[in-house]
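Taking it in order: structure first as structure tokens, then the write-up.
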Amino acid sequence: MNKAHVELKDASKAVLRKVNHNRVKTQILSNLDLRIERGELVTIMGASGSGKTTLLRLINRLSEADSGVIMLNGGDIRDYAPIELRRKVGMVFQLPVMFKGSVRDNIAFGMKLWGDTIDLEALAEACGISENLLDVDAEQLSVGEKQRVCIARALANQPDVLLLDEPTSSLDAKSAEKIEELLLKLRMEKNLTVLWVTHEKEQAERIGGRRLVLKDGRLEEYHA
């Protein structure tokens, strides 16, 4: 059998939460097994608190699993330096956050860390960012434009895997559909492996791919 691109084996995660002035251990993910092939699109659904965002955060080590193993290309993700892992496994969050500076500065942020060079203008254009915006203060953009910048910033690192944590939830319907179309187009062009968290059944149906449903931290269902 070929090595999965991303694989979780018996992965669990618990956190301490404050309940009535006491800190109580709450299990977020329990003994999760998941295999994702290269280039696959997987949508992740579930109620609030079911472990969707935690699952994404474990894959690029923004959080650490309490037990089990998470693998990338057949190797344990703990064998990667965290900064190198996050280069290979990019993440776009629910709310776009801009760094200080221009749109160009934001997109180039990761490249400056690595000392890499890419055609920034071409990447911006591919992400629907017009050239006349590149030298604008990033904080002056609309929410939809900021999310495009976040996508371009993640892709500038040339990741193999893209984690999307409800990337359209803060957008109006028209802007959300444009971001969906953009992400699906980029996924095909770059052969990205994509894990996309969404709370909307309609969006999951539009996006397609394989659907994963989490309930109380466990894998409840698969839908082809």
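The values are calculated or read from the model by the stated rules, or taken from the named source; none is laboratory data. What you see is a predicted model; the values in this text were computed from it and never measured. Because the Cβ atoms are built from the backbone with ideal geometry, glycine has one as well, and the counts that use them run over all protein chains shown. Please note that ligands, DNA and RNA were not included when accessible areas were found on the heavy atoms of the full protein model with its side chains. Shrake-Rupley method; radii C 1.70, N 1.55, O 1.52, S 1.80 Å.
In table form, for the structure just shown:
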item: Test for GLY51: is it open to solvent by less than 40 Å² (accessible area, probe 1.4 Å), out of contact with any Phe, Trp or Tyr (no Cβ under 9 Å at 6 or more places or on another chain), farther than 21 Å from ARG187 by Cβ and modelled with pLDDT of 95 or more; result: no
item: Checklist (1) closer than 22 Å to LEU164 by Cβ; (2) open to solvent by less than 20 Å² (accessible area, probe 1.4 Å); (3) out of contact with any Leu (no Cβ under 8 Å at 6 or more places or on another chain); (4) small (Gly, Ala, Ser) applied to GLY39, failing item; result: (3)
item: Scope region 191-224; condition surrounded by fewer than 16 Cβ atoms within 10 Å (Cβ to Cβ), within 19 Å of GLU37 (Cβ to Cβ) and modelled with pLDDT of 90 or more; matching residues; result: ASN191, GLY208, ARG210
item: Filter pass, GLU181 being modelled with pLDDT of 90 or more, open to solvent by 60 Å² or more (accessible area, probe 1.4 Å) and more than 28 Å from ASN73 (Cα to Cα); result: no
item: Residue match in region 155-170 (condition: part of a helix (DSSP H, G or I), farther than 19 Å from ARG61 by Cα, at pLDDT below 90 and hydroxyl-bearing (Ser, Thr, Tyr)); result: no
item: Number of the condition not met by THR117 [criteria: (1) outside any strand (DSSP E or B); (2) open to solvent by less than 60 Å² (accessible area, probe 1.4 Å); (3) without any contact (Cβ under 8 Å) to a residue 40 or more places away in the chain]; result: (2)
item: Residues within region 84-106 that are open to solvent by 60 Å² or more (accessible area, probe 1.4 Å) and part of a loop (DSSP other than H, G, I, E, B), tallied; result: 6
item: Single residue of ALA138, ALA126 found to be open to solvent by less than 70 Å² (accessible area, probe 1.4 Å), within 23 Å of THR168 (Cβ to Cβ), at pLDDT 95 or above and out of contact with any Leu (no Cβ under 6 Å at 6 or more places or on another chain); result: ALA138
item: All positions within region 21-36 that are under 16 Å from the mean Cα position of the chain (by Cα) and open to solvent by 40 Å² or more (accessible area, probe 1.4 Å); result: none
item: Residue match in region 13-26 (condition: assigned to a loop (DSSP other than H, G, I, E, B) and either under 22 Å from ARG148 (Cβ atoms) or modelled with pLDDT under 95 (or both)); result: yes
item: Conditions (1) surrounded by 15 or more Cβ atoms within 10 Å (Cβ to Cβ); (2) at pLDDT 90 or above; (3) farther than 15 Å from ASP105 by Cβ; number of the one not met by ALA152; result: (3)
item: Every residue from region 58-83 that is under 20 Å from GLY39 (Cα atoms) and surrounded by fewer than 17 Cβ atoms within 10 Å (Cβ to Cβ); result: ASN73, GLY74, GLY75, ASP76
